[in-house]
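**Student:** Below: one structure in structure tokens.
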Amino acid sequence: MSTKDLLDEAMKLKPEERFTLVEGLIKSLDEPDKKLDEIWAEEAEKRLKAYRDGKLKGVPMEEVFRDK
């Protein structure tokens with residue numbers, strides 16, 4: 001069944017049923033991805049090490065949040 005066929009069938013549902021379907025689909029996209037979390041954790045560790053080794057400079061919080 002194609003995506004278009006699925007959408008056509010979903011449009012035949014009652015509004016409450018469509019809402020439940022949409023809610024379920026959105027929830028499925030919002031689940032944590034452990035592999036992605038690991039990649040970000042590794043990147044954070046690399047950046048922290050580079051900062052501590054003096055290879056990376058920090059930006060003051062006031063500068064980051066200053067209105068432009």
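**Student:** If I model a spin label at LYS57 and ASP8 as a point 7 Å from the Cα along the Cα→Cβ vector, what separation in nanometres do I get?
**Tutor:** Between LYS57 and ASP8, the simple spin-label model gives 6.1 nm.
**Student:** Right, next: Is it possible to state the helix-based mean residue ellipticity at 222 nm for the chain, with each DSSP H run of 4+ residues giving -39500 (n - 2.57), the sum divided by total residues, to the nearest 500 deg cm²/dmol? What is it?
**Tutor:** The helix-only estimate for the chain comes to -20500 deg cm²/dmol at 222 nm.
**Student:** State the percent of C-alpha pairs, over all pairs in the range 1-58, separated by a distance greater than 15 angstrom.
**Tutor:** Numbers: 1136 of 1653 pairs.
Result: 69 percent of Cα pairs exceed 15 Å.
**Student:** Determine the gain in length on full extension of the stretch VAL64-GLU43; use 0.36 nm per residue of separation and subtract their C-alpha separation, reporting nm with one decimal.
**Tutor:** Value of the extension gain: 5.5 nm.
**Student:** Taking the Cβ of SER2 as the centre, find all other residues whose Cβ is under 12 Å away and add up their charges (Lys, Arg: +1; Asp, Glu: -1).
**Tutor:** -2
**Student:** Right, something else. What lysines sit close enough to LYS27 to cross-link, taking a C-alpha to C-alpha distance under 28 Å and skipping anything fewer than 8 places away on the same chain?
**Tutor:** LYS4, LYS12, LYS14, LYS35
**Student:** Give the order of ARG52, ARG18 when sorted by the count of other beta carbons within 10 angstrom, beginning with the fewest.
**Tutor:** Final ranking by Cβ density, sparse to dense: ARG52, ARG18.
**Student:** Given labels modelled 7 Å from the Cα in the Cβ direction, how far is it in nm from PHE19 to GLU31?
**Tutor:** In this crude label model, PHE19 to GLU31 measures out at 2.5 nm.
**Student:** At a 10 Å Cβ-Cβ cut-off, how would you order GLU62, GLU45, fewest neighbours first?
**Tutor:** GLU62, GLU45
Each reported figure results from applying straightforward, stated rules to the coordinates on display, with no laboratory input. Bear in mind that the values here come from a model prediction, so they are computed numbers and not experimental data. Please note: Cβ atoms are built from the backbone with ideal geometry, for glycine as well, and neighbour counts cover all protein chains shown.
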